[in-house]
Amino acid sequence: MGVQEVYRHKVQYYETDQMGIVHHSNYIRWFEEARTDYMERMGLGYDRMEAEGILSPVLSVEADYLRMVHFGDTVSITCSIKSYNGIKLFIGYEVILDKTQMVHCRGTTKHCFINREGKPLSLKQSSPEFHEMFQAGLSK
């Protein structure tokens, strides 16, 4: 299992429904916030990758909603590289309610790497530096 990094988020009113419960779509946004933060900590920020001509679209997202999160709660979102082969990247997430330390949502995102023209890239060949950083994130 890869290194886990924690991203903290306080639930905002606009993220909830009429009952004060977080709308399911917001968990996907939180995954992206946590992933962006995680990659920046690794030195792989999207701004740096895109400056090098590397894009990383999301191919799929999965989320298992285990418990409700409410307005005003603070959650910690752990993010870790589950698998990486130079072409595809799988990242896992857990949304943990700070006050109970219970997992409220688990999820994954699957990504690939492409150039600006939309052609697939192998980071091992096109960007050995980024490849090594992802490999290091997987092995820790």
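The values are calculated or read from the model by the stated rules, or taken from the named source; none is laboratory data. Since we're looking at a predicted model, the values are computed, not measured. Methodologically, a virtual Cβ is constructed for each residue, glycine included, from the backbone with ideal geometry; neighbour enumeration extends over all protein chains shown. Surface areas here come from the heavy atoms of the whole protein model, side chains and all, with no ligands, DNA or RNA. Shrake-Rupley method; radii C 1.70, N 1.55, O 1.52, S 1.80 Å.
Dividing the convex hull volume of the alpha-carbon atoms in region 43-103 by its residue count gives 131 Å³ per residue. Once Rg and the Kirkwood radius are both taken over the C-alpha atoms of region 98-140, their ratio Rg/Rh works out to 1.20.
For region 26-140, the share of accessible area belonging to carbon and sulfur comes to 51 percent (1.4 Å probe, ligands and nucleic acids excluded).
Considering Cα pairs under 8 angstrom that are at least six residues apart, work out the relative contact order of the chain and quote it in whole percent. Please list the in-between numbers first.
Details: 279 pairs, mean separation 41.9, N = 140.
With pairs under 8 Å counted, the relative contact order is 30 percent.
Cross-link partners for K88 among the lysines, with Cα-Cα distance under 30 Å and sequence neighbours closer than 8 places in the same chain left out: K110, K119, K124, K140. Among the GluC sites (Glu not before Pro) in region 1-50, none sits in a DSSP loop with a Cβ that has at most 10 other Cβ atoms within 10 Å. Centre-to-centre, using Cα atoms only, region 77-103 and region 18-53 are separated by 11 Å.
Tell me which label goes with the value of Rg and Dmax of the Cα atoms in Å computed from the coordinates here: (i) 15.9, 50; (ii) 14.6, 45; (iii) 17.5, 60. Computing Rg and Dmax of the Cα atoms in Å and matching it to (i) 15.9, 50; (ii) 14.6, 45; (iii) 17.5, 60 gives (i).
In a DSSP loop and with at most 13 other Cβ atoms within 10 Å, the GluC sites (Glu not before Pro) in region 91-140 are E117.
Per residue, the chain reaches -8500 deg cm²/dmol at 222 nm when only DSSP H runs of four or more residues are counted, each adding -39500 (n - 2.57).
The residues neighbouring F90, those whose beta-carbon lies less than 14 Å from its own, together hold a net charge of +4 under the Lys/Arg +1, Asp/Glu -1 convention.
If each Cα of region 57-140 is one equal point scatterer, what is log10 of I(q)/I(0) from the Debye formula at q = 0.11, 0.14, 0.19 Å⁻¹? For region 57-140 at q = 0.11, 0.14, 0.19 Å⁻¹, log10 I(q)/I(0) is -0.40, -0.59, -0.85.
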